[in-house]
Amino acid sequence: MIQRKHLLIVSHAPSENSRRLTDAVARGASAPEVEGVEVCVLRPFDAFPDHVLWSDAIILGTTENFGYMSGALKDFFDRVYYPCLERTRGMPYATFVRAGNDGTGAHKSIERITSGLRWRRVQESLICAGAFQQDFIRRCEELGMTMAAGLETGVF
């Protein structure tokens, strides 16, 4: 029996467009071509240390709020940081940001916390900035599929 890998997607999606991005990431991660990965999608307020400890990799999604990650994602980090600190070193992760501006503040705020956790970023941050574009959907699907395929094949 093949041991399934676990991919956790924690995403704050308060708007229709940010939900579309989260759905696209999940759709890509759950693509039929990727058979050996179980995907769990949670809102930040519904994700707890046990979810992080269950996962072999994580994708973090957020909106850009005042040049920072969403308060919901920050709350998630506040709750999981110490319980996961010593047990998730090297955790592969990726991020996507829905930004009205340039998204760099949200990206940097996540990077500061994940570097403290000693997680390992395995893909460039996907920043979907400015007016919503249909191409954001395709890029989010690719992010999810790449993460799941890399996890399944042992690249991450």
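Coordinate-derived values only; no laboratory data. Bear in mind the structure is a predicted one, so any value in this text is a computation, not a measurement. We place every Cβ from the backbone using ideal geometry, glycine too, and count neighbours over all the protein chains shown.
Under a Gaussian network description of the chain, with springs only between Cα atoms under 10 Å, the residue in Glu111, Glu141, Glu124 that fluctuates furthest is Glu124. A simple charge model with +1 on the Cβ of Lys and Arg, -1 on the Cβ of Asp and Glu and nothing else charged puts the dipole of the chain at about 320 debye relative to its Cα centre. Each DSSP beta bridge with both residues in the chain is either parallel or antiparallel, and the antiparallel ones are about 5%. Ranked by how many other Cβ atoms sit within 10 Å of their own Cβ, fewest first, the residues Val37, Val122 fall in the order Val122, Val37.
Near Asn101, the amide H atoms lying under 5 Å from its own belong to Gly130; only residues 5 or more places off or on other chains count, and H is placed 1.01 Å from N.
Summed over qualifying helices (DSSP H, 4 residues or more, each -39500 (n - 2.57)) and divided by its residue number, the chain shows a 222 nm mean residue ellipticity of -14000 deg cm²/dmol.
This ranking places Phe156, Phe48, Phe96, Phe66 by how few other beta-carbon atoms lie within 10 Å of each, fewest first, which gives Phe66, Phe48, Phe156, Phe96. Put in line by how crowded their Cβ is, counting other Cβ atoms within 10 Å and starting with the fewest, Met147, Met91 read Met91, Met147.
Specify whether the C-alpha gyration tensor of region 5-153 places it in the rounded, prolate or oblate class, a ≥ b ≥ c being the square roots of the eigenvalues: rounded for a/c under 1.5, otherwise prolate if a/b is larger than b/c and oblate if not. Oblate shape, in that a/c is at least 1.5 and b/c is the bigger or equal ratio.
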